[in-house]
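To keep things clear, I will list the structure first and then write my remarks on it.
The values are calculated or read from the model by the stated rules, or taken from the named source; none is laboratory data. None of the values given here were measured: they were computed from a predicted structure. Positions of Cβ are backbone-derived with ideal geometry, glycine not excepted, and every protein chain shown enters the neighbour counts.
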């Protein structure tokens, strides 16, 4: 699990921004939202332009150099903060696995250019490189002793270099290292706005409806929409060789996307990804930006309840205060993003918060300083 993330000099984050998933409290309700003291289901609230999307882009920056998954490179223009004088953005991740901890730090000039990297496992230096000081790396992983320590002019990450070019010994540190790589490969970011824009987990682009039809999920999608309060009867027709999804109005068939609202289309996007992260999924960390942009508050609540049941660590962003309730999550799982940083509701007030408190009303009255 991701336990802490820090970023400096990236997009609108001039000063260091910290996201601490260990800011949990001992609440006796909604216990499944916290696992082993680490917040597992989180909702980040912030006004427009507060940096909610940029928070997601920052966390998922490592996808571009540690995986071959879709990196969403178009989202990483204007990479550095305009006010900061440093030539690099800096990132720090802390992970917790059964075998121990992994800390991964690096600096970048842009989405493609790594300047330095440092990896610590269980408190010990595992590998590092600083290209400002030369092409030579330091590698302490057992099983990687024969690797050429010079990376030359290559832009490859030291993490990927070790993974691809060595047969690591079986010990706790190396197991943590492999689990770290597996976790990163299972990270998924998507937005509920417009097209199917995503980062991580998969490669390439997929037509949502085509995928749903090919996987024979049309009836299941229909049931999902009906459960969400959208009564419809779906059918598949063909236009030439291309299958097409239509809505059946007592025999009159109309193209699904031509008559669907933005909210319904957003639900189809959620359904498409839900098939990939429900059950025993390989998705490890899920970030949905503006998850309820087109939803009624009751539907937003349904989505949160649905996501509470999955195994993956989940971060949602919104500016909708109606989902700020202890019925869905708990005060240490709601975070406020503003100029003061990123802090949970529980740690944004001296008042002892209880299950019966109306935390949305408290927020609106200024109890959390937001």
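Descriptive notes on the structure:
- Within segment 16-30, considering residues that are at pLDDT 95 or above and out of contact with any helix residue (DSSP H, G or I) (no Cβ under 8 Å at 6 or more places or on another chain), the one nearest to residue 337 (Cα to Cα): 18
- Residue check for residue 316: within 20 Å of the chain's Cα centre (by Cα), within 21 Å of residue 278 (Cα to Cα), assigned by TED's automatic domain parsing to the domain that holds residue 34 and surrounded by fewer than 21 Cβ atoms within 10 Å (Cβ to Cβ): no
- Being closer than 15 Å to residue 342 by Cβ, within 16 Å of the chain's Cα centre (by Cα), assigned by TED's automatic domain parsing to the domain that holds residue 349 and not in a strand (DSSP E or B) is a description that does not apply to residue 62.
- Residue check, residue 28 touching a strand residue (DSSP E or B) at 6+ places or on another chain (Cβ under 9 Å) and in the same structural domain as residue 118 (by TED's automatic domain parsing): no
- Boolean, residue 282 is without any contact (Cβ under 8 Å) to a residue 60 or more places away in the chain, within 20 Å of the chain's Cα centre (by Cα) and in a loop (DSSP other than H, G, I, E, B): no
- Residue check for residue 53: touching a strand residue (DSSP E or B) at 6+ places or on another chain (Cβ under 7 Å), assigned by TED's automatic domain parsing to the domain that holds residue 288 and either assigned to a helix (DSSP H, G or I) or under 30 Å from residue 322 (Cα atoms) (or both): yes
- Restricted to segment 2-15, and to residues there that are part of a loop (DSSP other than H, G, I, E, B) and out of contact with any helix residue (DSSP H, G or I) (no Cβ under 8 Å at 6 or more places or on another chain), the residue that is surrounded by the fewest Cβ atoms within 10 Å (Cβ to Cβ) is 15.
- Of 205, 192, all but one fail to be surrounded by 15 or more Cβ atoms within 10 Å (Cβ to Cβ) and at pLDDT below 95; the exception is 192.
- Comparison of 348, 300, 344 shows that the only residue that is closer than 27 Å to residue 11 by Cα, surrounded by 17 or more Cβ atoms within 10 Å (Cβ to Cβ), free of Cβ contacts under 8 Å to residues at least 24 places away in the same chain and assigned by TED's automatic domain parsing to the domain that holds residue 96 is 348.
- Being within 17 Å of the chain's Cα centre (by Cα) and touching a residue at least 40 places away in the same chain (Cβ under 8 Å) holds for only one residue in 19, 29, and it is 19.
- Scanning segment 220-243 for residues that are in contact with a strand residue (DSSP E or B) (Cβ under 8 Å, 6 or more places away or on another chain), outside any loop (DSSP other than H, G, I, E, B) and more than 20 Å from residue 302 (Cβ to Cβ) yields 235, 236, 237, 238, 243.
This table checks each residue for (1) in contact (Cβ under 8 Å) with a residue 12 or more places away in the chain; (2) exposed (fewer than 11 other Cβ atoms within 10 Å of the Cβ); (3) assigned by TED's automatic domain parsing to the domain that holds residue 187.
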{"site": "232", "(1), (2), (3)": "yes, no, no"}
{"site": "236", "(1), (2), (3)": "yes, no, no"}
{"site": "239", "(1), (2), (3)": "no, yes, no"}
{"site": "245", "(1), (2), (3)": "yes, no, no"}
{"site": "255", "(1), (2), (3)": "no, no, no"}
{"site": "261", "(1), (2), (3)": "yes, yes, no"}
{"site": "264", "(1), (2), (3)": "yes, no, no"}
{"site": "267", "(1), (2), (3)": "yes, no, no"}
{"site": "271", "(1), (2), (3)": "yes, no, no"}
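- Among the residues of segment 165-209, those that are in the same structural domain as residue 120 (by TED's automatic domain parsing), in a helix (DSSP H, G or I) and in contact with a strand residue (DSSP E or B) (Cβ under 9 Å, 6 or more places away or on another chain) comprise 172, 173, 174, 175, 176, 177, 179, 180, 183, 184.
- Across segment 68-110, the number of residues qualifying as over 23 Å from residue 176 (Cα atoms), at pLDDT 95 or above, touching a helix residue (DSSP H, G or I) at 6+ places or on another chain (Cβ under 8 Å) and surrounded by fewer than 19 Cβ atoms within 10 Å (Cβ to Cβ) comes to 1.
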